[in-house]
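**Q** Below is a structure I'd like to ask you about.
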Amino acid sequence: MYGRKNCKGFAELLSERARSHPAQPALIFLETKGNQQQALELTYASLHERAGALAAELTRRGLKGQRVLLLFPSGLEYASAFLACIYAGVTAVPVYPPRNNWHAERVAIIARDAGATATLTMPELIEETEVRLHAMGLTDPGIIRFANLDCKGDDWVPRPLELDSLAYLQYTSGSTGDPKGVMVRHGDLLYNCAQYAEAVGLQKESTLVSWLPVFHDMGLIQGIALPLRSEE
């Protein structure tokens, strides 16, 4: 099914869901601070708008076809940034914010191996990220701050993508050696979602809960891609 060139890609499916079910919750992230827990939510319409706005910025910077590091903690920002890369035809490289020298070394290895030309992260993480990556020899990580962008993204229309084209690079954690990367195509992303949904019997009305970090392969599929996959 997902080998056909006329099959809709993930970006097209998500933008259609934003039009047909704009107010429906797309993703909910449970955040705990101290003894308090709050549910942060994005509807399909708001997620599409945020992803579209950032996609427009990535396009403006000439990053289409380039590899871009995603350095975020797990949360809605990660989802928005990952989807923006898909919208803009940018190859996302899901990683994690470097909070110590061991992590920073792994991120630097990944950045060099992937040939990353830019980095997306949150404003409050920029200073620490730059210091740690500079210490690892990355003198120009090309950091783009993820914040509320001035441009509107609700009118963004994703261009059809070949399903055998590269969607993102998934790297191992590097806990037992240097991180190793795998090339994931757009068709692979759809196929992984379809296989998982069939295996566990997911339906349109199902609610999926995941505790896995979204920069890991299973966390990315289970926590971001699978809940957003539209049923045809």
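The values are calculated or read from the model by the stated rules, or taken from the named source; none is laboratory data. These numbers were taken from a predicted model, which means no experiment stands behind them. Here the Cβ positions follow ideal geometry from the backbone for every residue, glycine too, while neighbour counts run over all protein chains shown. We work out accessible area using only protein heavy atoms, side chains counted, and drop any ligands, DNA or RNA first. Shrake-Rupley method; radii C 1.70, N 1.55, O 1.52, S 1.80 Å.
**Q** I need the full set of residues from segment 177-219 which are assigned to a helix (DSSP H, G or I), among the aliphatic types (A, V, I, L, M) and over 23 Å from Phe29 (Cβ atoms), in order please.
**A** Matches in segment 177-219: Leu190, Ala194, Ala199.
**Q** Can you tell me which residue within segment 27-81, out of those that are part of a helix (DSSP H, G or I) and of a type in the set (Ser, Thr, Tyr), is most open to solvent (accessible area, probe 1.4 Å)?
**A** Restricting attention to segment 27-81, the residues satisfying the condition of being part of a helix (DSSP H, G or I) are 44-60, 76-81.
The next check asks that each one be of a type in the set (Ser, Thr, Tyr); those that pass are 44, 46, 59, 78, 80.
Working: Tyr44: 6, Ser46: 37, Thr59: 67, Tyr78: 0, Ser80: 1 Å².
Filtering segment 27-81 for residues that are part of a helix (DSSP H, G or I) and of a type in the set (Ser, Thr, Tyr), the one most open to solvent (accessible area, probe 1.4 Å) comes out as Thr59.
**Q** Give the residues of segment 128-146 that are over 16 Å from Gly115 (Cα atoms), at pLDDT 80 or above and open to solvent by less than 30 Å² (accessible area, probe 1.4 Å), sorted by residue number.
**A** The one that is over 16 Å from Gly115 (Cα atoms), at pLDDT 80 or above and open to solvent by less than 30 Å² (accessible area, probe 1.4 Å): Thr129.
**Q** Quick one: Ile86 ticks every box in (1) surrounded by fewer than 21 Cβ atoms within 10 Å (Cβ to Cβ); (2) in contact (Cβ under 8 Å) with a residue 60 or more places away in the chain; (3) of a type in the set (A, V, I, L, M) bar one, so which box is it?
**A** That leaves (1) as the condition not met.
**Q** May I pose another question? Would you check which residues across segment 82-99 are closer than 16 Å to Arg159 by Cα and not in a helix (DSSP H, G or I) and list them?
**A** Gly89, Val90, Thr91
**Q** Show the residue pairs meeting these rules: Cβ distance below 7 Å; 6+ apart or different chains; first residue within segment 101-119 and closer than 11 Å to Tyr171 by Cβ and open to solvent by less than 10 Å² (accessible area, probe 1.4 Å); second residue in a helix (DSSP H, G or I) and among the hydrophobic types (A, V, I, L, M, F, W, C).
**A** Val107/Leu133
**Q** Oh, and also: Only one of these conditions is not met by Ser165: (1) at pLDDT below 85; (2) surrounded by fewer than 16 Cβ atoms within 10 Å (Cβ to Cβ). Which number is it?
**A** (1)
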